[in-house]
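Rule-based calculations on the coordinates, nothing more; no lab input. All values derive from a computational prediction rather than experimental measurement. Positions of Cβ are generated from backbone atoms using ideal geometry, with glycine treated the same way; all protein chains shown enter the neighbour counts.
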Amino acid sequence: MSLEIKDLHAQIPGREILKGLNLTINPGEVHAIMGPNGSGKSTLSKVLCGHEDYEVTSGEVLLDGQNILDMAVDERSRAGLFLAFQYPHEIPGVSNANFLRAALKARLPKGEDIDAVKFYKQLYARMDQLEMDRSFTSRSVNEGFSGGEKKRNEILQLMMLEPKYAILDETDSGLDIDALKIVSRGVNAMRSENRGFLVITHYQRLLNYIQPDIVHVLMDGQIVHTGGKDLALKLEEKGYDWVKEEMLAAAA
Amino acid sequence: MPSDTPTGLLSIAPARSTSTPAWFTTRSNAAWAEFQSLPLPGLKDEHWRYSNAKKIELADHAPAKTPTAEQSKAALAATEGLKERAARFVFVNDTLVESDTSGLPAGVVCVSFEEALKSHEAALQQHFMKGDLPLGSGKFAALHLAHVKAGTVIIVPKNVVIEKPVEIFHWVVGDHAAIFPHTLVVTGDHAQVSVVDHYRSLEGEGGLSIAIADLVGGSGSQITYAACQELADDAQALHLSSITAGRDASVKSFQVQLGAAFSRSESVSDLVGQGARSDMLSVSLPIGDQIVDQRTLQRHKAPHATSDLLYKNALYGKSRTVFSGLIIVDEGAHYTDAYQTCRNLLNSNDAEANSLPGLEINADQVKCSHGSTSGPIADEELFYLKARGIPDIESRRLIVEGFLADVIERFGNSEVLDTLVARIDEKLVRAE
């Protein structure tokens with residue numbers, strides 16, 4: 001049981017972005033990926049979810065042994081993969097509650113519907129954890145939300161959908177420290193031995209609140225360095241140049 | 001078999017009984033003569049741009065026959081209607097088959113058109129088809145006047161508030177049958193009423209409905225009106241409505257176009273009193289080869305009035321919509337707020353939405369805007385929903401429902417809305 005990424009190559013027309021990426025996330029683990037701009041961090045999250053802008057040219061992604069690369073976007077989600085978006089989209093006219101109900105209903109056998117009472121009870125409990133006002137249930141998905149509210153809404157979805165593996169794509173970007181604490185608390189509440197996390201971030205700050213077990217450095221479409229949580233501190237302090245130098249030295 | 005001899009509605013003279021009031025017979029006869037003399041609007045007629053008056057096949061239709069007992073029974077069985085209502089009328093082929101006015105407050109006139117001709121002549125003479133029909137269907141309106149015998153006349157006296165809606169069902173049955181439903185709503189000062197007209201086909205056969213609805217709002221009164229057109233797939237529908245909003249009156253009208261091969265609505269709002277307000281709303285969901293043709297006019301004749309139009313079309317298949325809207329602000333109609341928005345969601349590459357927005361401002365201190373947009377569902381919106389495990393078809397439906405939601409919310413009348421939303425959802429499932 002794991003999320004296994006094997007020698008993953010992906011491109012947009014005319015440019016390869018992921019160049020043989022390998023990574024295995026076991027349930028219970030929190031992995032962080034850090035890397036400079038343009039290293040392929042956001043591409044990785046979108047490729048895993050099946051965004052049609054990216055073409056996978058080779059490699060495999062196994063979710064508990066099942067290759068998900070042949071699956072449609074929605075199938076991957078139902079198989080247990082979740083992406084907290086860096087820039088969550090607005091869906092005018094669709095209320096948050098209806099959206100979540102539709103997402104949960106899609107996981108039930110055909111013809112079955114969710115128990116509305118249980119649903120709202122759970123929803124309200126999760127919203128309380130994230131300090132979200134009840135009015136967010138009837139508001140249109142992300143429409144008119146502040147940056148911090150959008151990120152909280154992503155974590156709310158994570159909490160409601162309870163995926164096996166969750167990818168957080170720069171969830172910390174645009175958050176002030178209070179919002180960051182709330183969002184991190186939500187994520188930490190979802191940490192369990194049955195769930196793996198991949199936390200993609202540009203800044204070490206997030207990792208003070210969501211403490212990773214393993215930190216990877218992504219550069220030029222590959223994982224080039226892996227270490228413990230201290231690695232994040234080193235990267236914050238020294239930047240990425242030393243990683244490059246090590247790579248060059250190793251290649252020489 | 002080509003022939004120059006006029007057939008169908010082109011040649012069948014209306015029959016009027018001897019008990020019809022003389023003034024009405026005179027107008028009806030004059031209308032018949034007018035219908036015959038007026039040319040069919042041509043393709044170059046500005047009011048028919050991107051459309052075609054020949055889509056209303058006059059020669060192929062004849063006035064609907066009096067329904068059989070079975071047909072009336074079947075129509076009544078199919079009329080689900082609202083649980084909570086002030087009154088209900090059911091017509092089949094322009095024949096009244098049921099009326100229930102038990103929920104009306106005292107003093108309200110709410111009678112069939114036929115009855116009104118006998119009992120409320122004065123009101124009819126004052127209000128019946130007094131509009132100037134500026135949007136291109138003069139010929140069809142004349143035909144309506146020549147044949148009209150069914151519909152509802154509602155006169156709400158001063159200060160009377162009717163809480164629950166008045167529901168009217170117009171069923172058409174029989175191949176090539178034409179009906180001419182008429183609705184007249186007149187409110188006294190500070191009166192309130194909501195009225196829903198349903199246009200439906202009893203069997204899957206083509207038919208033609210040429211309907212007119214005139215709404216006259218007295219000072220400070222409120223009228224809510226919905227026209228829900230769900231005729232059979234190969235039917236043709238024309239709905240001509242005029243709204244006259246007096247001082248501080250508020251009229252909200254909602255066009256729901258779901259049926260017919262060709263449907264055209266012409267909606268005119270005249271803001272004649274200071275502080276008047278007209279909300280003009282519409283939703284359509286054309287599929288297959290359906291054509292929805294929408295013409296609107298907002299005329300500001302008094303200062304400090306507001307008109308706000310929001311039309312939304314979700315197109316599927318090879319369907320086509322035409323929206324042509326004009327705002328005219330008269331000299332002296334200062335401090336006008338007039339808005340016009342038409343938005344089209346294209347769910348297919350073969351669907352086509354045409355928009356012709358227009359503005360004519362002759363006053364100062366006005367706030368006016370008009371605009372139209374057309375486009376497919378944004379890829380990123382769809383990706384977001386699918387990334388939460390919602391299948392493609394459900395995701396698209398959620399987005400379309402969301403697209404239509406603000407029009408529906410603005411209508412706001414919950415009893416009426418529940419059934420309309422259910423009908424829209426049924427159509428959405430068909431669209432897929």
Residue list for region A:147-165, filter: within 11 Å of the chain's Cα centre (by Cα) and either part of a helix (DSSP H, G or I) or more than 12 Å from chain B (Cβ to nearest Cβ) (or both): A:Glu154, A:Ile155, A:Leu158, A:Tyr165
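How about region B:372-394: which of its residues are touching a helix residue (DSSP H, G or I) at 6+ places or on another chain (Cβ under 8 Å) and within 22 Å of B:Ala353 (Cβ to Cβ)? Reasoning before the result, please.
Residues of region B:372-394 that are touching a helix residue (DSSP H, G or I) at 6+ places or on another chain (Cβ under 8 Å), as a first pass: B:377, B:381-383, B:385-392, B:394.
Within region B:372-394, B:Ile377, B:Glu381, B:Leu382 meet the criteria.
Among the residues of region B:411-420, are any within 13 Å of chain A (Cβ to nearest Cβ) and either small (Gly, Ala, Ser) or in contact with a helix residue (DSSP H, G or I) (Cβ under 8 Å, 6 or more places away or on another chain) (or both)? Write out each step before concluding.
If we filter region B:411-420 for residues that are within 13 Å of chain A (Cβ to nearest Cβ), which is where we start, we get none.
No, that holds for no residue.
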Scan of region B:395-421 for residues that are under 19 Å from the mean Cα position of the chain (by Cα) and aliphatic (A, V, I, L, M), ordered by number: B:Leu404, B:Val407, B:Ile408, B:Val416, B:Leu417, B:Leu420, B:Val421
Residue that is nearest to B:Leu404 (Cα to Cα) [pool: residues in region B:278-295 that are part of a strand (DSSP E or B) and touching a residue at least 60 places away in the same chain (Cβ under 8 Å)]: B:Val283
Filter result (closer than 15 Å to B:His147 by Cβ and touching a Pro at 6+ places or on another chain (Cβ under 7 Å)) within region B:31-58: B:Trp32
Breaking point among (1) on the phi > 0 side of the Ramachandran plot; (2) touching a residue at least 40 places away in the same chain (Cβ under 8 Å), for B:Asn354: (1)
Selection within region B:257-280 - surrounded by fewer than 22 Cβ atoms within 10 Å (Cβ to Cβ) and hydrophobic (A, V, I, L, M, F, W, C): B:Ala261, B:Val272
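Per-residue answers, yes or no, for (1) surrounded by fewer than 17 Cβ atoms within 10 Å (Cβ to Cβ); (2) more than 9 Å from chain A (Cβ to nearest Cβ):
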| site | (1), (2) |
| --- | --- |
| B:Ser372 | no, yes |
| B:Gly375 | yes, yes |
| B:Asp392 | yes, no |
| B:Arg396 | no, yes |
| B:Phe403 | no, no |
| B:Glu409 | yes, no |
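Which of the residues that make up region B:140-164 are on the phi < 0 side of the Ramachandran plot, part of a loop (DSSP other than H, G, I, E, B) and surrounded by fewer than 24 Cβ atoms within 10 Å (Cβ to Cβ)?
The initial filter retains those residues of region B:140-164 that are on the phi < 0 side of the Ramachandran plot, namely B:140-150, B:152-158, B:160-164.
Narrowing the set further to residues that are part of a loop (DSSP other than H, G, I, E, B) leaves B:148-149, B:157-158, B:160, B:162-164.
B:Lys149, B:Pro157, B:Lys158, B:Val160, B:Ile162, B:Glu163, B:Lys164 - these are the residues of region B:140-164 that are on the phi < 0 side of the Ramachandran plot, part of a loop (DSSP other than H, G, I, E, B) and surrounded by fewer than 24 Cβ atoms within 10 Å (Cβ to Cβ).
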Residue match in region A:44-62 (condition: of a type outside the set (A, V, I, L, M), in a strand (DSSP E or B) and surrounded by 14 or more Cβ atoms within 10 Å (Cβ to Cβ)): yes
Test: A:Leu180 is away from chain B (no Cβ under 14 Å), more than 16 Å from A:Pro36 (Cβ to Cβ), in contact (Cβ under 8 Å) with a residue 12 or more places away in the chain and out of contact with any Leu (no Cβ under 8 Å at 6 or more places or on another chain): no
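Could you check how many residues of region A:69-104 are within 13 Å of chain B (Cβ to nearest Cβ) and not in a helix (DSSP H, G or I)?
First, the residues of region A:69-104 that are within 13 Å of chain B (Cβ to nearest Cβ): A:71-104.
Of the ones still in play, those that are also not in a helix (DSSP H, G or I) are A:71-72, A:80-95.
Counting residues in region A:69-104 that are within 13 Å of chain B (Cβ to nearest Cβ) and not in a helix (DSSP H, G or I) gives 18.
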Some residue of region B:395-405 being in a helix (DSSP H, G or I), farther than 20 Å from B:Leu258 by Cβ and in contact with a Lys or Arg (Cβ under 9 Å, 6 or more places away or on another chain): yes
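Restricting attention to region B:378-390, report how many residues are surrounded by fewer than 18 Cβ atoms within 10 Å (Cβ to Cβ) and either away from chain A (no Cβ under 14 Å) or in a loop (DSSP other than H, G, I, E, B) (or both). Reasoning before the result, please.
Our first condition is that a residue be surrounded by fewer than 18 Cβ atoms within 10 Å (Cβ to Cβ); within region B:378-390, this holds for B:378-380.
Next cut, either away from chain A (no Cβ under 14 Å) or in a loop (DSSP other than H, G, I, E, B) (or both) only: B:378.
Going through region B:378-390 one residue at a time, the tally reaches 1.
Go over the candidates A:Ser184, A:Ser192, A:Ser173 one by one and state the one that is buried (at least 20 other Cβ atoms within 10 Å of the Cβ), within 20 Å of the chain's Cα centre (by Cα) and farther than 25 Å from A:Gly59 by Cα.
Working: A:Ser192 fails: buried (at least 20 other Cβ atoms within 10 Å of the Cβ); A:Ser173 fails: buried (at least 20 other Cβ atoms within 10 Å of the Cβ).
Matching residue, one of A:Ser184, A:Ser192, A:Ser173: A:Ser184.
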One residue from A:Val30, A:Val94 being surrounded by 15 or more Cβ atoms within 10 Å (Cβ to Cβ) and either under 20 Å from A:Leu168 (Cα atoms) or touching a Lys or Arg at 6+ places or on another chain (Cβ under 9 Å) (or both): A:Val30
